Each structure stands twice: as C-alpha cells, then as structure tokens.
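See below for the structure under consideration.
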Amino acid sequence: MLELNQMEKRTNLAGLTLDELACFMQQAGQPSYRARQVFSGLHERRLQSFAEMTDLPKAFRERLSETATASTLTVESRYLSEDGTRRYLMKTHDNLPVETVFIPEERRDTICFSSQSGCPLQCTFCLTAQLGLLRSLTAGEIVEQIIIVLNDVYGGGEKPPHGTNLVGMGAGEPFLNFESLMKALEIMSDPHGLFIVPHRVTVSTAGIVPRIRELATIATRPHLAISLAAPTDELRNELMPINKKWPLEDLLAACKEFEQTLKPGELFTFEYVMLDGVNDSDEHARQLANLLNRHALRAKVNLIPHNPADPLPYLPSPSYRVEQFKSILESKGVRAFIRRPRGRDIFAACGQLAARRETNNIQSIPQSIAT
Ligand code: SF4
C-alpha cells in the first residue's frame, strides 16, 4: 500500500507535454534545457527510468525519483501469435490490466493501444465489455504502452525501420477518455520525441456523438473509425447498447459534419464485425449500403469476421458470406474491404482483449525487457 501511495504522489513525466515538463523543471529550480533533456530521454531514447538518463547529474536523477517517475506500467505477460502478432498484458501501478497489441505488417507496423482498463460500454460481441470499466488510463499510461512495445520489438530506443501506425482500438472507448487521449497523441506527435504524427493514428469509437463533433474542430486530429456492427437501430441497440443514446441517424449526421474536415483522399472508416446469422445477410448488406448512401458519406467499410471467444455467444460469418456481403456493398457503390483477423490464437484480435492470462495454443514470450 505504501508503494501505491508513493506512486500516486509522484508525477508520471511520460504523460507531460514538453511545455508542461518545462514548468515542472522550472518549479524544481532547474535550468530550462533540462525539460528537453528529460523529454528526449523519455520519448526519443525511450528510457524507462531516470537512472538510465546518464546525461543528467546523478544528484538530480536521485532527487527527480523522489517526486516523479519515468514509467508506471509493468509487463505481466506477452504472447506471440503464429502470424507474428504480439499481445502484451500490462499492469498499472494500481494493479489494473492494460492490453496492447503489436501487428507486424509488410509496409508499416501497427500498434493497437488501449485507452481504458476494461470498458463501460456493453457491446455484446466484445469480451472487454465483460470486465466493465476499471478506470480510464492517464495520458502517460497511453504513451507508455507505445514505448514498451517499440522497445520490445525493435530494441531499446532503436528507430522502427518503417515507422509506426497507431490505432486506438484496444480496450476501452477512447472518446470516453477524450482529454487523456488527445494529450497522449500530442505528446507522441512531438518531433523531439516519438514523432508519431496524427495522420499515422486512427481512433475508433462506438459512436460517442458529441466527441465526433469535437474531434472535427481539432486541426491536428487523428483519423476516425466508427464501429457500426448493424445497419438498423433495432439490431444495433441489441449489439451495441450505446446506440440507444445516440441512434444511427444522430451518429451519421455527426459523421456528415465531420466529413467537412476530411482531407483529400481521406475516407471515413466504418468497422462492421460480421456475426454468423446475426448481421450478415444479403438484406443487412443492402440496408447498410442504403444507410451510407442516404447520407452520401465518403466512406469505406471494413468487414471484420468476428473473433470467437468463450463465453461470447457468436460465431464468425463464413467466408462465402463475407464475400457475398462485400459484393452487395460494392454493387451499390460502397467501398468495402475484408480485414484478415490477426493474433486470433493469442486472443489479441478485435473484441478479444479481456486480460486473459492463460490460454491454450499460445506461446508466451520470455520476459527480457526491463520495465
Ligand atoms: S467493442 Fe470497444 S466500445 Fe464496445 S465494449 Fe468492446 S472495447 Fe468497449
């Protein structure tokens, strides 16, 4: 308990912008260049302790450790999929689960981060929903996930060979933790740090309408994806109860406003999880195409075969259904893509994050990084 209280009192410097860090250093009576040194240590060199920042005087590092911390998350387990995907189960200082997924890709690797521990929304096809909301993550905890994964995959402080894409599609509803999310993205976009710019980031929402509108007002916003899962209110109310608060017409009206801010070539992404016999009929495909066409949105639809996991009551749509669904959308002028599930065998795929520790058929990666 003592450790927890001590941790809570210390400032997590990984969650401060460069300007905030400058204020922190000023208050600590330090010269202004210290802020840049520490920011670079945390985000450019991806150091996770002050002890490693040997360009700082030893006495200062020791003093810093009394009031601040460089990292708060610890890696509890890591799992490696047959397809190279890695799932990390981390713990916050107050012992809550945080999951992050690394997805290797030919052109550019992707890290899928969590914005909350658990999730308050109750999408019936998602295992995370069963945890409920444990708490929202701080900006520092969001940034740390990326630092930990980059260090693990590429080596401490090593530059990723192809750059990195981020997707806010892990546990939690990012728009219910909007402030911390946006702050984390600001910190990560800093050219003196990780330098992952907003157009490399996609944030997915279940449809928190006021935040879609708010995001549209932010010049340095990330891309937006919306999890749709159903073409009618009746079905969406069942699969994604948040729809009762913001039904489809409200959601798509907000998307229409957001569309004004799309850059040339940029499209909305609608994620459509495909559940066998539930939302994958020809009629559903026609309804979905009509819905999107009625709003004339510049959009594409990603079809995601459901990732089964006990005790979820759904099965993935068979591939011929997914193909048929796609061709109906395309025949009505809607761009559609089929997303290949990644990391299904390690419960790292969409909707499967639920802090699982033990599963069959997984290869746990030996711990090798210091956290
Ligand atoms: S799909 Fe996303 S928003 Fe819905 S319960 Fe799961 S984590 Fe939460």
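Summary table
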{"quantity": "Nearest 10 degrees, 0 to 90: helix 178-189 Cα axis against the chain principal axis", "calculated": "60"}
{"quantity": "Rounded tilt (10° steps) of 319-331 against the dominant C-alpha axis of the chain", "calculated": "80"}
{"quantity": "Equivalent ellipsoid semi-axes - Cα gyration tensor, the chain, angstrom", "calculated": "38, 22, 18"}
{"quantity": "Listed residues Thr232, Ala253, Ile196: farthest to the positive end of the dipole of the range 173-253 (Cβ charges)", "calculated": "Ile196"}
{"quantity": "Only Lys, Arg (+1) and Asp, Glu (-1) charged, at Cβ; the range 269-323 dipole about Cα centre in debye", "calculated": "360"}
{"quantity": "Zero-based 5 Å bins, Cα pair distances in the range 100-163, whole percents", "calculated": "4, 16, 21, 20, 15, 12, 9, 3"}
{"quantity": "Label-reachable residues, the range 173-201, where backbone N falls under 19 Å from a point 7 Å from Ser32's Cα toward its Cβ", "calculated": "191-193"}
{"quantity": "Per-peptide average of other Cβ atoms within 10 Å, ordering 70-76, 264-270 highest first", "calculated": "70-76, 264-270"}
{"quantity": "Exposure ranking of Tyr320, Tyr79, Tyr314 by accessible area [1.4 Å probe, largest first]", "calculated": "Tyr320, Tyr314, Tyr79"}
{"quantity": "Lys, Arg +1 and Asp, Glu -1 on Cβ, resulting dipole of the chain about Cα centre, debye, nearest 20", "calculated": "540"}
{"quantity": "Percent breakdown of C-alpha pair distances by 5 Å bin, ordered from the shortest bin, for the range 1-93", "calculated": "3, 12, 21, 22, 16, 11, 8, 5, 2, 1, 0"}
{"quantity": "Linear extension gain, Ala253 paired with Arg213, 0.36 nm per residue minus alpha-carbon span", "calculated": "13.4 nm"}
{"quantity": "Whole-number D in µm²/s for the range 161-281 (Stokes-Einstein; Kirkwood sum over Cα pairs; 4 °C, 1.567 mPa s)", "calculated": "84"}
{"quantity": "Positive-end residue, the range 4-98 charge dipole about Cα centroid, Cβ charges, pick of Pro31, Leu73, Ala59", "calculated": "Ala59"}
{"quantity": "Accessible surface of Arg286 - all protein chains present, 1.4 Å probe, nearest 10 Å²", "calculated": "100"}
{"quantity": "Inverse of mean 1/r across different Cα pairs in the range 89-202, Kirkwood, Å", "calculated": "14.3"}
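The values are calculated or read from the model by the stated rules, or taken from the named source; none is laboratory data. Quantities reported herein were computed from a predicted structural model and do not represent experimental measurements. Heads up, the Cβs are rebuilt from the backbone with ideal geometry, glycines too, and the neighbour counts pull from every protein chain shown. SASA here: full protein model, heavy atoms, side chains in, ligands and nucleic acids out. Shrake-Rupley method; radii C 1.70, N 1.55, O 1.52, S 1.80 Å.
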